[in-house]
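Report on the structure given below.
The values are calculated or read from the model by the stated rules, or taken from the named source; none is laboratory data. Given the structure is predicted, the values throughout are model-derived calculations rather than measurements. Neighbour counts are summed over all protein chains in view; Cβ atoms, including those assigned to glycine, are modelled from backbone coordinates with ideal geometry.
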Amino acid sequence: MEHGSEILLSLFVIFVAAQVGAEIAQRLKMPGVVGEIAAGCAIGPSLLGWIHPAEALDVLAEIGVVLLLFSVGLETRLDEMKRVGRSALFVGMLGVIIPFVLGSLWAHGSGFDWAKSLFVAAAFVATSAGITARVLQELGVMQREESRVILGAAVIDDILAMLLLGVVTAMQTGESLQLGKIVIILCEAVGFVAVIALLGTRVMRRRSHWLEVPVNPLSPLTLALALCLGLAYLSTQFGLAAIIGAFLAGMIASETRQRETLEHQTQPLLALLTPFFFVMTGSKIELAQLADAGTLLTLALITVIAIVSKLLGGFLGALALGRRGALIVGVGMVPRGEVGVVIASLGLAAGVFSAHLYALIVAMSLLTSIVTPPMLAALFREKAADA
């Protein structure tokens, strides 16, 4: 019972801190997600120590980001994604290749052997779809072409990043890397996304009335959430992040005639659960590991590498949208967020990362997540003013 009361107190502290942080950020003309991440840093173990790692909190954070990506999918139609497919493919591929090359060169230059350098570089690769999606929602620009390219590229980016992570992990354990096995993994991941997106949306267009068959007036929402959780789990079985399955579930549900109702009904769930994800992301950094000037200089260097590499990949891949549109896409691909934190955690558990390197990678992931929202908001405002 005592443990349960401690969890409830942590939930209260996290939720209130998220609201206060978001309010302060919005009053400073920044997206609320910036304040929520900063609030996590403040109340986490490194500063105030009001919250500590707990499985229940991580589960809530995972549910929060899954629901966030489901709601993003609800605002994304497959036909719209197809129109930006070429640009999204280029952005996704270049957004993996350039950060991976630059990250591995930095790590090797810092004294790591090539096998460990490639693992370190994997933390530079994957974009945090959750953070960028939240910012795009707050800005009300989900229907913009640049936003669709960013989201499409994030899906492609995730597929490639998960494949890459599997390869570099095998290199740490000494497993032999067979080209045929890599190709099979890639085909499974791509096939899963393609089949679910194409077949799922086609079935839903013709059979959306199934959502209204149960007597429960909330049945469209409950069935859509069941689809969300089911596909989130299924995507993990294909080596992808759960948020990809959630995004696909939302995209399928967007084809129903209940789309606007579902968007309205999910808002209270998002208001309750998504703050836990962003606060917990901010709470995972150990500030004590960043206390000396040399470490801060290293952090500045790898953060610049992380920002420039993603910005360059996104910009070059989206040039078909014009220079301003390509710059927006490049900035939208910058945040590493929870993805970088997860890879850093895997590196720490595998003995590849020291506590010092872990803190650097996590701090880099969070810094890219904090600097991106205001940059993205400013670029969208400038483009709207020029229009």
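Quick notes
- Pick from segment 259-271, criterion of a type in the set (A, V, I, L, M, F, W, C) and in contact with a Leu (Cβ under 9 Å, 6 or more places away or on another chain), ranking: surrounded by the most Cβ atoms within 10 Å (Cβ to Cβ): Leu262
- A count restricted to segment 222-244 and to residues that are in a helix (DSSP H, G or I) and either closer than 20 Å to Lys82 by Cβ or modelled with pLDDT under 85 (or both) stands at 7.
- Looking across Leu94, Leu89, Leu102, one residue alone is touching a residue at least 60 places away in the same chain (Cβ under 8 Å), assigned by TED's automatic domain parsing to the domain that holds Lys310, over 23 Å from Ala25 (Cβ atoms) and out of contact with any Gly (no Cβ under 9 Å at 6 or more places or on another chain). It is Leu102.
- Criterion (touching a Phe, Trp or Tyr at 6+ places or on another chain (Cβ under 7 Å) and either polar (S, T, N, Q) or assigned to a helix (DSSP H, G or I) (or both)) met by exactly one of Gly35, Gly73: Gly73
- Applying the condition of being among the aliphatic types (A, V, I, L, M) and under 16 Å from Val120 (Cα atoms) to segment 301-315 and asking which residue is surrounded by the most Cβ atoms within 10 Å (Cβ to Cβ) yields Ala306.
- Selected residue (criterion: farthest from Ile343 (Cα to Cα)) from residues of segment 131-161 that are in a helix (DSSP H, G or I) and basic (Lys, Arg): Arg148
- Residues (more than 19 Å from Arg381 (Cβ to Cβ) and not aliphatic (A, V, I, L, M)) located in segment 120-147: Phe124, Thr127, Ser128, Gly130
- Every residue from segment 114-126 that is within 21 Å of Ala246 (Cβ to Cβ) and modelled with pLDDT of 80 or more: Val125
- Of residues in segment 103-113 being within 27 Å of the chain's Cα centre (by Cα) and surrounded by fewer than 21 Cβ atoms within 10 Å (Cβ to Cβ), the one modelled with the lowest pLDDT: His108
- Contact map, segment 287-304: residues that are free of Cβ contacts under 8 Å to residues at least 60 places away in the same chain paired with residues that are loosely packed, with under 12 Cβ neighbours inside 10 Å and outside any helix (DSSP H, G or I), Cβ distance under 7 Å, separation 6+ or inter-chain. No pairs are found.
- With respect to the stated conditions, Leu229 is within 20 Å of the chain's Cα centre (by Cα) and in contact (Cβ under 8 Å) with a residue 40 or more places away in the chain.
- Only listed residue being in contact with a Gly (Cβ under 7 Å, 6 or more places away or on another chain) and under 29 Å from Ile305 (Cβ atoms), chosen from Ala107, Ala121: Ala121
- Val329 being crowded, with 24+ Cβ neighbours inside 10 Å, within 21 Å of the chain's Cα centre (by Cα), under 21 Å from Gly103 (Cα atoms) and modelled with pLDDT under 80: no
- Qualifying positions in segment 352-380 - without any contact (Cβ under 8 Å) to a residue 12 or more places away in the chain and of a type outside the set (A, V, I, L, M, F, W, C): Ser354
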